[in-house]
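Trainee: First the structure, which I've put down as structure tokens, then a few questions once you've had a look.
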Amino acid sequence: MTQYSIYIVEDDSVIAEQTKLHLEKWGYRVTCASDFRNIITEFAELNPELVLMDIGLPFYNGYYWCAQIRQVSQVPIIFVSSASDNMNIVMAVNMGGDDFVVKPFEPEVLSAKIQAILRRTYTFRNQTSVMEYGGVVLNLADATLLVREQKLELTKNEFRILQLLFESSGKTVSREAIMKRLWDNECFVDDNTLTVNMARLRKKLEAVGMEKFITTRKGLGYCIGEES
């Protein structure tokens, strides 16, 4: 069986741990949320195949985090909550949830729902992949960047530049390496074109308060994050 990754967003540590142990017996890789202020950052780092989402959470509720995840991914989300009135169930579906499980629940019922959704989802399509650094999320499926709840559309070259910088976060990437990624053939390299693309990308980042996200290493290249 494929070892799918599941992310549990549940602030009741007893329920979270019991659910984790049960799902691990079925062969799933399970991670429980630890930072309820930054669920989207944890999600991007884990890149799970399925999310179990409580509604009543500290700081922001499950609907909020579901909406945030939906901006960068179509990963299946199952709401698990004791708030089982019709209004909450309708809200969960409208916010992008795929199913709703009422607390208290039988672990076997939850397992069956998870198996069905995973089978239905990944038999026919691959999950949306995302990359994250410093709370900034790069969506590999639609070439967009999520910065502080603002979604930036990227050109093909801007996307390729950022993808390479994310892949090498904490390390300097030379201009030559970026140009190879952009054109795949050194015969078509134009240094001036790279300069223009970097300027446009930085202008987009500056507009959302991220003017220092990309650092220039004079004579060496560019990087995001502190060089390791």
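Trainee: Name every residue in region 99-114 that is outside any helix (DSSP H, G or I), hydrophobic (A, V, I, L, M, F, W, C) and surrounded by fewer than 18 Cβ atoms within 10 Å (Cβ to Cβ), in order of residue number.
Mentor: Val101, Val102, Phe105
Residue-by-condition table, conditions (1) β-branched (Val, Ile, Thr); (2) modelled with pLDDT under 90; (3) under 21 Å from Leu46 (Cα atoms); (4) in contact with a helix residue (DSSP H, G or I) (Cβ under 7 Å, 6 or more places away or on another chain):
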| site | (1), (2), (3), (4) |
| --- | --- |
| Ala143 | no, yes, yes, yes |
| Ile161 | yes, no, no, yes |
| Gly170 | no, yes, yes, no |
| Asn192 | no, yes, no, no |
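Trainee: Has region 6-17 got at least one residue that is over 22 Å from Ile89 (Cα atoms) and hydroxyl-bearing (Ser, Thr, Tyr)?
Mentor: Scanning region 6-17, I find at least one residue that is over 22 Å from Ile89 (Cα atoms) and hydroxyl-bearing (Ser, Thr, Tyr), so the answer is yes.
Trainee: Anything in region 136-182 that is surrounded by 14 or more Cβ atoms within 10 Å (Cβ to Cβ), in contact with an Asp or Glu (Cβ under 7 Å, 6 or more places away or on another chain) and not charged (D, E, K, R)? List them, or say none.
Mentor: Thr144, Thr172
Conditions (1) modelled with pLDDT of 85 or more; (2) among the acidic types (Asp, Glu); (3) assigned by TED's automatic domain parsing to the domain that holds Gln150; (4) surrounded by fewer than 16 Cβ atoms within 10 Å (Cβ to Cβ), marked per residue:
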| residue | (1), (2), (3), (4) |
| --- | --- |
| Lys20 | yes, no, no, no |
| Tyr28 | yes, no, no, no |
| Ser34 | yes, no, no, yes |
| Asp54 | yes, yes, no, no |
| Val72 | no, no, no, no |
| Gly97 | no, no, no, no |
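Trainee: Quick one: in region 74-93, which of the residues that are in contact with a Phe, Trp or Tyr (Cβ under 7 Å, 6 or more places away or on another chain) and part of a helix (DSSP H, G or I) is surrounded by the most Cβ atoms within 10 Å (Cβ to Cβ)?
Mentor: Ala92
Trainee: Say whether the condition of being part of a helix (DSSP H, G or I), more than 30 Å from Asp12 (Cα to Cα) and in the same structural domain as Met198 (by TED's automatic domain parsing) is met by at least one residue in region 137-153.
Mentor: Within region 137-153 (the criterion being part of a helix (DSSP H, G or I), more than 30 Å from Asp12 (Cα to Cα) and in the same structural domain as Met198 (by TED's automatic domain parsing)), the answer is no, since none of the residues qualifies.
Trainee: Restricting attention to region 81-91, does a residue exist that is in the same structural domain as Glu17 (by TED's automatic domain parsing), touching a residue at least 40 places away in the same chain (Cβ under 8 Å) and in contact with a strand residue (DSSP E or B) (Cβ under 7 Å, 6 or more places away or on another chain)?
Mentor: No, there is no match, as no residue in region 81-91 is in the same structural domain as Glu17 (by TED's automatic domain parsing), touching a residue at least 40 places away in the same chain (Cβ under 8 Å) and in contact with a strand residue (DSSP E or B) (Cβ under 7 Å, 6 or more places away or on another chain).
The values are calculated or read from the model by the stated rules, or taken from the named source; none is laboratory data. Given the structure is predicted, the values throughout are model-derived calculations rather than measurements. Note: ideal-geometry Cβ built from the backbone for every residue, glycine included; neighbour counts use all protein chains shown.
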